[in-house]
Amino acid sequence: MSTIFNKLSLASLPQNLYKIVQGWVFSVVLKMLILKQGLKRILPSLEKAPRVSCKNFQRDSDKVDLQACGSYKIIDATDSYQGINAIALNTLHEEGKTSSFSSDHSTATTQEKLESICQKLLETVLPHIVQDIDLDQCYFYTCLEIKNGGYLPVMHTDTDWLMFPKHEGFQLWYLLENDHDQNHGNMFMVKTSALSPTDPPVSMEVRRDGSIEKKIDSTMVGNEKTVVGRWSEQEAKEQNLLQFEYLDMKPGECMIMSKRSLHMSDPRPHLEGIPSNRRAFVLRIILPDKNSKENFLRFNVNHKFTRYSRLHSSLKQVALRGKKLEKGVYQLRLKSHFDMFDPNVSLTDQIRSSNPKPGIIYVFVCAFLSVATAYFIQTQTLNIAEKKE
């Protein structure tokens, strides 16, 4: 069933059905990650982890090095809060909302407001990075379809970077809301000697016996993972393999990190059975190839996200019209540096209008198999968990 599911495109579903199915699938994936890992084995380390906020990064030398592993910094960016929150809530278009940004937004389009807000945030961020970066170099990339809760409680570096081979960049994590009484539910940063600057995206998974496995995305598809390291629980403790720092951030604070930074959603609310209302805005900045004079990005059309997300499916279709650079990698030429920002902006509409809509039978099959696969994963995971309890 999983083979069929991989060949079908969740992104081809109609928008309303797509959001329902995608939300349900991610809910199942979250439960699966909680159940299959031995997160309770590292709970004492999480509880003892230092709590950090923007107060811990006051020196001028505290800057993010894009080439380094685990380089990050938290800054105060409350000036951008109202605008970022409006983007996350998708209320930029609503009447009466424009007054909360500034007077020059009164006649601006939704897209112009979006670009202005993000540029303002980036102007605050760029002085905190070691490398010199011009604002007009930055490609804004995010997917606004997931906003709430700690949805990825596994130590990882983001697989998104496999979509843009040989490109440098960085990530922003902007906290919008968290009303947990102990401010749990944000993120942990993880320092480890097991991570190399040359590593592709990786995950460090806690097994149910307390052992740690390092897995890498072993193919350009980003679908298969290969175990390249394994430590027993005792070995991990003796080597101090994992060092956690908790992001004790407040709404309006922004964390900047290099793309090779190991991090995880705080699993404690999930382990306690407390729903997480934490909302965060995630933005990645893709930088152009310094060795190329042409204005394009390298895009991996075989990445799994091109099947699961409307935004990435649209980017794939644009890239396939460009020049092939190597197996699976094409030139991605965009009209705007914001064309990778939101699945609802002009890029997606442009692609949809130039392609036939999927037939009703195909849509039904995609929806059925998506739900069936998610249900199968959930029941199998629960069965495994019950047997091991």
Check your understanding: Of all GluC sites (Glu not before Pro) in segment 245-305, which ones are in loop regions per DSSP and have a Cβ with at most 12 other Cβ atoms within 10 Å?
Key -> E272, E294
Revision key, fill the gap. Under a 1.4 Å probe, counting only protein heavy atoms, M189 has an accessible area in Å², nearest 10, of 10 Å²
Review point. With all protein chains present, how much of the accessible area of segment 226-294 (probe radius 1.4 Å) comes from carbon and sulfur, to the nearest whole percent?
Key: 46 percent
Exercise for review: Anything over 20 Å Cα to Cα? Flag those among K225/K304; K215/K323; K214/K316; K214/K327, in the order listed.
Suggested key: K215/K323; K214/K316; K214/K327
Exercise for review: Relative to the compact-globule scaling 2.2 N^0.38 Å, provide the ratio for the alpha-carbon radius of gyration of segment 245-351.
Suggested key: 1.35
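The values are calculated or read from the model by the stated rules, or taken from the named source; none is laboratory data. Given the structure is predicted, the values throughout are model-derived calculations rather than measurements. Glycine also receives a Cβ, built like all others from the backbone with ideal geometry; neighbour counts cover every protein chain displayed. Ligands, DNA and RNA are excluded from the accessible area calculation, which covers all protein heavy atoms including side chains. Shrake-Rupley method; radii C 1.70, N 1.55, O 1.52, S 1.80 Å.
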